[in-house]
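Here is the structure we will look at, set down as structure tokens.
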Amino acid sequence: MSGKEKGRAKAEQAKGKVKETAGRTVGNERLTAEGRAEKAKGNARQAKEKIKDVFKS
């Protein structure tokens, strides 16, 4: 996995986790949902990069 894409995936996952936690803490469903979506986007990006690495080898 390229370093840049790996970093972007981790950043999206972390940002999503923070949003989700903040949303739950204050009871804001929209913020919680945004956090979940952002975390899922980071997970998908990471999975895509892992698959690309498998086919490179």
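The values are calculated or read from the model by the stated rules, or taken from the named source; none is laboratory data. The model shown is predicted, which means the values in this text are computed figures rather than measured ones. Note that we place each Cβ from the backbone using ideal geometry, even for glycine, and neighbour counts take in every protein chain shown. Note: accessible area is taken over every heavy atom of the protein model, side chains too, but ligands, DNA and RNA are not part of it. Shrake-Rupley method; radii C 1.70, N 1.55, O 1.52, S 1.80 Å.
A few notes on this one:
- Those residues of segment 37-48 which are surrounded by 17 or more Cβ atoms within 10 Å (Cβ to Cβ) and of a type outside the set (Asp, Glu), in sequence order: LYS39, GLY42, ARG45, GLN46
- Taking every residue in segment 15-37 that is polar (S, T, N, Q) and pairing it with any residue that is open to solvent by 50 Å² or more (accessible area, probe 1.4 Å) and not in a helix (DSSP H, G or I), at least 6 positions away or on another chain, yields no pair with a Cβ-Cβ distance below 8 Å.
- Here is the figure for segment 22-36: residues that are assigned to a helix (DSSP H, G or I) and either modelled with pLDDT under 95 or surrounded by 13 or more Cβ atoms within 10 Å (Cβ to Cβ) (or both) total 9.
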